[in-house]
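*Asks:* One structure follows; several queries about it will come next.
The values are calculated or read from the model by the stated rules, or taken from the named source; none is laboratory data. Computed from a predicted model, the values in this text were never measured in an experiment. Cβ coordinates were reconstructed from backbone atoms using ideal geometry, including for glycine residues, and neighbour counts include every protein chain displayed.
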Protein chains: 2
Amino acid sequence: MLIAIIEDNNKYRDCLAIGLAAFPDCTVLHKMSNALHIDKYFASELPDIALIDINMPGLDGVAAVKEITENYPTVKCVMLTVNADLDMVLKCMQHGASGYLIKDKDSITKIVDSIRILHNGNYNEEFPLNGTLANKVLQYFLQKDKTVDAKLDAYKLTPKQKEILLLLYNGKSYKQIAAEINISVDTLNTHIKAIYPKLNIKSKGEIKGILG
Amino acid sequence: MLIAIIEDNNKYRDCLAIGLAAFPDCTVLHKMSNALHIDKYFASELPDIALIDINMPGLDGVAAVKEITENYPTVKCVMLTVNADLDMVLKCMQHGASGYLIKDKDSITKIVDSIRILHNGNYNEEFPLNGTLANKVLQYFLQKDKTVDAKLDAYKLTPKQKEILLLLYNGKSYKQIAAEINISVDTLNTHIKAIYPKLNIKSKGEIKGILG
DNA sequence: TACAATATACCATAAGTATGGTATAGGTGC
DNA sequence: GCACCTATACCATACTTATGGTATATTGTA
């Protein structure tokens, strides 16, 4: 497997390169201290896997993933980071990262195992993910999947407010809602003035962010 | 921790009870061979945790979870099963199960660890899940998330239009979107005038109806 | 080269949404 | 009874979103 390492910390980068070289099926093709010269390196030879540090000065890891997946779709990106930040993981996933490992907790062996899985298997079927992160991501999706009704309970809304919120959530206009539940648009406005502060939002659009 | 075991296999039930009793912080409160008499047992004393076998004759494990979470919301349900069936996991999650472990792969120690986490922590923050299953569930949700992208393809939108539609879908205001993708609000309006007819809609709110 | 498609931008107007205020009637609980 | 919450309604104003029109620069392609 041909590997590119994009990591600003010289020590860790070299350490990783040496560690990987110890595995007969791993060849470290490129070593970069930032993501600015990806094109230059990749022009000579394309790696199978790019190990990318998230926290880098200049062009950061997330941007690097985006660039690689867009311009070099055959290269699979595995993120390396010290912090298990859910937002970062989701961002990287959205931009097409293929895996997410944590520097301290995941050993070289674990890294090699992960990239082997990626290299041999189907990108869509495997996403090497650190256990702690897997749980966080899972929670995120579970939260997202929880029934809307259950979520509404958390905001101490009255039955009327729930009813209205659901109609808003389903994309209906004020007119439609007022007609449907037989109140005036003014009354509807009054209800909404009570609902939004409870959810800490300021517009219809943000309801999606609350209820998924 | 007070534990109830609901498991039709006598051998495994007793084995589990004995195993759990070896941990000083575990007390097996009830042992049941089916889920029919939950009320009778729970009337005398409520457990903290219910370990529930999925495959039981009569009232099955999924139904048991439902009954317990509805009537005894303080009791946390951990499912035990031999098969890593994704559908089952999702069903149990929807009905409020707090964890999902596999009989053969997850040892007693793992079970105890899991219920300790549940007992001490917040139900919303932890969901003990067998690693194999975690991956499956993760894939399921990732796949589910991808369908939005697939749906967009059906409407023959340009990349810019897709980008804008997704931002609209996520509840962002015109101002926010214009700032995010560095175009003027006027240009954004022009794009939207091109997008809505393609989707046969007339307002932001209706996007939810299209993309779910 | 010329055409089509895309992306950009501005103007104007109408419709919808957000937020402030004020007010009345019915129900709950102390 | 009185305070409190809920639901109802109206007024006014500001902001956001929707839709019409017109126009220009870029890109790819017939």
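*Asks:* Check every one of the strands (runs of 3 or more DSSP E) wholly within the stretch B:44-103 and list those with 1 or more residues that are at pLDDT below 80 and β-branched (Val, Ile, Thr). Reasoning before the result, please.
*Replies:* Numbers: elements: B:49-53, B:76-81, B:99-102.
Those strands (runs of 3 or more DSSP E) span B:99-102.
*Asks:* Applying the selection to the stretch B:203-212, what residues are away from DNA strand C (no atom under 11 Å from the Cβ) and either buried (at least 16 other Cβ atoms within 10 Å of the Cβ) or outside any loop (DSSP other than H, G, I, E, B) (or both)?
*Replies:* We begin by selecting, within the stretch B:203-212, every residue away from DNA strand C (no atom under 11 Å from the Cβ); these are B:207-212.
Those that are away from DNA strand C (no atom under 11 Å from the Cβ) and either buried (at least 16 other Cβ atoms within 10 Å of the Cβ) or outside any loop (DSSP other than H, G, I, E, B) (or both): B:Ile207, B:Lys208, B:Gly209, B:Ile210, B:Leu211.
*Asks:* Within the stretch A:153-169, which residues are crowded, with 16+ Cβ neighbours inside 10 Å and within 12 Å of DNA strand C (Cβ to nearest atom)?
*Replies:* Answer for the stretch A:153-169, where residues must be crowded, with 16+ Cβ neighbours inside 10 Å and within 12 Å of DNA strand C (Cβ to nearest atom): A:Ile164, A:Leu165, A:Leu167, A:Leu168, A:Tyr169.
*Asks:* Here is a further query. Can you confirm whether the stretch A:191-202 contains a residue that is assigned to a helix (DSSP H, G or I) and touching a residue at least 40 places away in the same chain (Cβ under 8 Å)? Quick ask: steps written out before the conclusion?
*Replies:* Of the stretch A:191-202, the ones assigned to a helix (DSSP H, G or I) are A:191-199.
Okay, now just the ones that are also touching a residue at least 40 places away in the same chain (Cβ under 8 Å), so A:198-199.
Checking the stretch A:191-202: at least one residue is assigned to a helix (DSSP H, G or I) and touching a residue at least 40 places away in the same chain (Cβ under 8 Å).
*Asks:* Then there is this: On the given criteria, is B:Ile201 under 23 Å from A:Tyr174 (Cβ atoms) and either within 14 Å of DNA strand D (Cβ to nearest atom) or out of contact with any strand residue (DSSP E or B) (no Cβ under 6 Å at 6 or more places or on another chain) (or both)? Give the steps one after another, and end with the answer.
*Replies:* Working: under 23 Å from A:Tyr174 (Cβ atoms): yes; either within 14 Å of DNA strand D (Cβ to nearest atom) or out of contact with any strand residue (DSSP E or B) (no Cβ under 6 Å at 6 or more places or on another chain) (or both): yes.
Spelling it out, B:Ile201 is indeed under 23 Å from A:Tyr174 (Cβ atoms) and either within 14 Å of DNA strand D (Cβ to nearest atom) or out of contact with any strand residue (DSSP E or B) (no Cβ under 6 Å at 6 or more places or on another chain) (or both).
*Asks:* Separate question: Of the residues B:Asn189, B:Asn182, B:Asn200, B:Asn130, which is more than 8 Å from chain A (Cβ to nearest Cβ) and modelled with pLDDT under 80? It would help to see each step written out before you state the result.
*Replies:* Values: B:Asn189 fails: modelled with pLDDT under 80; B:Asn182 fails: modelled with pLDDT under 80; B:Asn200 fails: modelled with pLDDT under 80.
None of the others qualify; the one that does is B:Asn130.
*Asks:* Another one. Tally the residues that are among the charged types (D, E, K, R) and surrounded by 14 or more Cβ atoms within 10 Å (Cβ to Cβ), restricting the search to the stretch A:15-36. Quick ask: steps written out before the conclusion?
*Replies:* First, pick out the residues of the stretch A:15-36 that are among the charged types (D, E, K, R): A:25, A:31.
Those still in the list that are surrounded by 14 or more Cβ atoms within 10 Å (Cβ to Cβ) too: A:31.
So the answer is 1.
*Asks:* Then there's this: If I filter the stretch B:182-190 for residues that are near DNA strand C (Cβ under 7 Å from one of its atoms), surrounded by 14 or more Cβ atoms within 10 Å (Cβ to Cβ) and part of a loop (DSSP other than H, G, I, E, B), do I get at least one hit?
*Replies:* The answer is yes, given that some residue of the stretch B:182-190 is near DNA strand C (Cβ under 7 Å from one of its atoms), surrounded by 14 or more Cβ atoms within 10 Å (Cβ to Cβ) and part of a loop (DSSP other than H, G, I, E, B).
*Asks:* Looking only at residues that are within 14 Å of another protein chain (Cβ to nearest Cβ), modelled with pLDDT of 65 or more and in contact with a strand residue (DSSP E or B) (Cβ under 7 Å, 6 or more places away or on another chain) in the stretch A:111-127, which one is surrounded by the fewest Cβ atoms within 10 Å (Cβ to Cβ)? I'd like the intermediate steps shown before the answer.
*Replies:* So the first thing to find is which residues in the stretch A:111-127 are within 14 Å of another protein chain (Cβ to nearest Cβ), and the list is A:113-114, A:117-118, A:121-127.
Narrowing further to those that are modelled with pLDDT of 65 or more: A:113-114, A:117-118.
In the following step, the residues that additionally are in contact with a strand residue (DSSP E or B) (Cβ under 7 Å, 6 or more places away or on another chain) were identified as A:114, A:118.
Numbers: A:Ser114: 23, A:Leu118: 21.
The residue in question is A:Leu118.
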